[in-house]
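Report on one structure; see the data block that follows.
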Protein chains: 2
Amino acid sequence: MTAKNIRARVRDELTSEIKAIARRQLATEGANLSLRAVARELGMVSSAVYRYFPSRDDLLTALIIDCYDELGAAAETAEAAVDRADLLGRWLATGHGIRDWALANPAEYALIYGSPVPGYKAPETTVGPATRTTDLLLGLLADGVATGALVADAAEPGRAAGTAPPVPVELGAELDRIAAAACPTVPREILARGLTGWIQMFGVVTFELFGRFQNMIEDSRRAFHDHQLRVMAGYIGLR
Amino acid sequence: MTAKNIRARVRDELTSEIKAIARRQLATEGANLSLRAVARELGMVSSAVYRYFPSRDDLLTALIIDCYDELGAAAETAEAAVDRADLLGRWLATGHGIRDWALANPAEYALIYGSPVPGYKAPETTVGPATRTTDLLLGLLADGVATGALVADAAEPGRAAGTAPPVPVELGAELDRIAAAACPTVPREILARGLTGWIQMFGVVTFELFGRFQNMIEDSRRAFHDHQLRVMAGYIGLR
DNA sequence: AACTGTCAAGAGCACTGCTCTCGTTTTGTT
DNA sequence: AACAAAACGAGAGCAGTGCTCTTGACAGTT
């Protein structure tokens, strides 16, 4: 069986080496990386690379999946280090974990959360790894609901009526559908708040990564992100 | 002088025709549009286009400036139609105006708010048009402060203490610097809240445009955006 | 009428994704 | 052990790209 694995193992090694070189080129070339350049750096001929990835888009797909998985793993380990009962701490750890990974891998973040590549259509195989980060939030909400730490607006102490508008009816059905599929125990009001915080979190990271903070927030970007996280945590009801 | 203008006028017409065709190709090709394809569609030879735009990046810059201006104008006209005293209405109009433009011009929105183009460095000439939308928010905040409708957290009725975390000291200096340069009358707490709402607004539009709502929010995206706008308006204190 | 600057066209360079063919090597089967 | 089948790397080639340079034609100025 080792004889059988000789070729397979070389293939696996070359496959991941191609991906590694492509990842490195991603940093300088962005989404329009060159298969020929990868082959050149590998000492191979361009047509040989096509034995491993049938097209450039397939290479991109492999990279996207890897990046989703890496980001998901980074967020998960950051979140797992916090006491389960500390909902706010888990939320903060998740948010900072995602930002840290994004700052360490800006090109990769742009690949998965930036503008869609023109002719590229993400296949179904990418949705699984993509939901790893959102699953963290949903787990957070479900845990909060289970322990009673997270309650809907009306019953929540310390929050005055009228501050937060109620979920409109048009949204209700859709939110219920999402909850039924992903987190049946979470009421729609809490799910809506979680979604708002989730979007804000990625919005801040995206703004920072894409240079929209230039000439604005320069020295205290981490503190800014932390503040946004805490604001949204307060809105969601995490404490 | 008309004799002199014959050439200049033809030049201007051709310049805008090139930009128009490039805009149209932007929709299908994304940021990596082809100068040769533009020339082909124009019945010209590629080298002739270089008389009008010294490089592909310069064409891109021209498009970016046009898009920023268009988005800014769309947001301004939407906001200008609302009664000056109606801060919430102005905020909603701005937000929906931006979203409407983005939905009508998704490729253009991706160009200016999506991932930065790999080798491309936006020149200084783009920052002016880029700030048109943020100026709307700052004007909104300044108006609210001037009329007394917008007040800092502690004095604001209907909001309980502890819901919104205070601005951390590290952020304070930076926020004061921004305020001093752009909106001297707006206190840092209100500016911080406005910034949060601003990021959330663009975050929602970006998520929707970049396909992150697929299999989640499908039928009520406008209502969702509207709800987000109202949530953030409540947080900022607009009413 | 002569000069000067602008223009479109064409050839050419180096690059890209991708396909096809060719000889070689490895694999699985008889 | 022998052999067919599959996998592999190399090379040539096609159509496309951004960009540069040169050439010849035209317009505006003096």
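General observations
- Any hit, segment B:136-147, residues being in a helix (DSSP H, G or I), within 19 Å of residue A:208 (Cβ to Cβ) and facing another protein chain (nearest Cβ under 10 Å): no
- Flag for residue B:77 being more than 14 Å from every other protein chain (Cβ to nearest Cβ), assigned to a helix (DSSP H, G or I), within 15 Å of DNA strand C (Cβ to nearest atom) and surrounded by fewer than 18 Cβ atoms within 10 Å (Cβ to Cβ): no
- Hey, residue B:11 part of a helix (DSSP H, G or I), more than 14 Å from chain A (Cβ to nearest Cβ), under 25 Å from residue B:116 (Cα atoms) and within 13 Å of DNA strand C (Cβ to nearest atom) or not: no
- Close contacts from segment A:27-50, counting a first residue that is at positive phi and a second that is assigned to a helix (DSSP H, G or I) and surrounded by 15 or more Cβ atoms within 10 Å (Cβ to Cβ), with Cβ to Cβ under 8 Å and a gap of 6+ residues or different chains, come to A:30/A:107; A:30/A:110.
- Filtering B:36, B:40, B:23 for residues that are within 11 Å of DNA strand C (Cβ to nearest atom) and closer than 30 Å to residue A:111 by Cβ leaves a single hit, B:36.
- With respect to the conditions (1) more than 11 Å from chain B (Cβ to nearest Cβ); (2) within 25 Å of residue B:219 (Cβ to Cβ); (3) modelled with pLDDT of 95 or more, residue A:128 lacks only one, and its number is (3).
- Those residues of segment A:14-38 which are within 14 Å of chain B (Cβ to nearest Cβ) and within 14 Å of DNA strand D (Cβ to nearest atom), in sequence order: A:29, A:32, A:34, A:37
- The set of residues in segment B:39-70 that are more than 14 Å from chain A (Cβ to nearest Cβ) and more than 15 Å from DNA strand D (Cβ to nearest atom) comprises B:65, B:66, B:69, B:70.
- Subset of segment A:194-210 [closer than 30 Å to residue A:145 by Cβ and within 8 Å of chain B (Cβ to nearest Cβ)]: A:196, A:199, A:200, A:202, A:203, A:204, A:206
- Criterion violated by residue A:58 - all others in (1) under 18 Å from residue A:208 (Cα atoms); (2) assigned to a helix (DSSP H, G or I) satisfied: (1)
- Test: residue A:99 is assigned to a helix (DSSP H, G or I), basic (Lys, Arg) and crowded, with 20+ Cβ neighbours inside 10 Å: yes
- Selection of first residues in segment A:156-171 that are on the phi > 0 side of the Ramachandran plot and at the interface with another protein chain (Cβ under 7 Å from one of its Cβ atoms) and of second residues that are at pLDDT 50 or above and in a loop (DSSP other than H, G, I, E, B), restricted to Cβ pairs under 7 Å at least 6 apart or on distinct chains, gives the following pairs, ordered by first then second residue: A:158/B:163.
- Scan of segment A:97-113 for residues that are closer than 16 Å to residue B:213 by Cβ and within 9 Å of chain B (Cβ to nearest Cβ), ordered by number: A:113
- The single residue among A:73, A:78, A:62 that is touching a Phe, Trp or Tyr at 6+ places or on another chain (Cβ under 8 Å) and hydrophobic (A, V, I, L, M, F, W, C) turns out to be A:62.
- Hits in segment A:135-170 (condition: within 23 Å of residue B:226 (Cα to Cα), modelled with pLDDT under 95 and under 26 Å from the mean Cα position of the chain (by Cα)): A:167
- Qualifying residue in segment A:173-192 (condition: free of Cβ contacts under 8 Å to residues at least 60 places away in the same chain, at the interface with another protein chain (Cβ under 9 Å from one of its Cβ atoms) and either in a loop (DSSP other than H, G, I, E, B) or over 23 Å from the mean Cα position of the chain (by Cα) (or both)): yes
- Filtered by the rule that a residue be assigned to a helix (DSSP H, G or I) and facing another protein chain (nearest Cβ under 7 Å), segment B:211-234 gives B:223, B:224, B:227, B:228, B:230, B:231, B:234.
The values are calculated or read from the model by the stated rules, or taken from the named source; none is laboratory data. This structure is a prediction, so every number in the text was calculated from the model and none was measured. We place every Cβ from the backbone using ideal geometry, glycine too, and count neighbours over all the protein chains shown.
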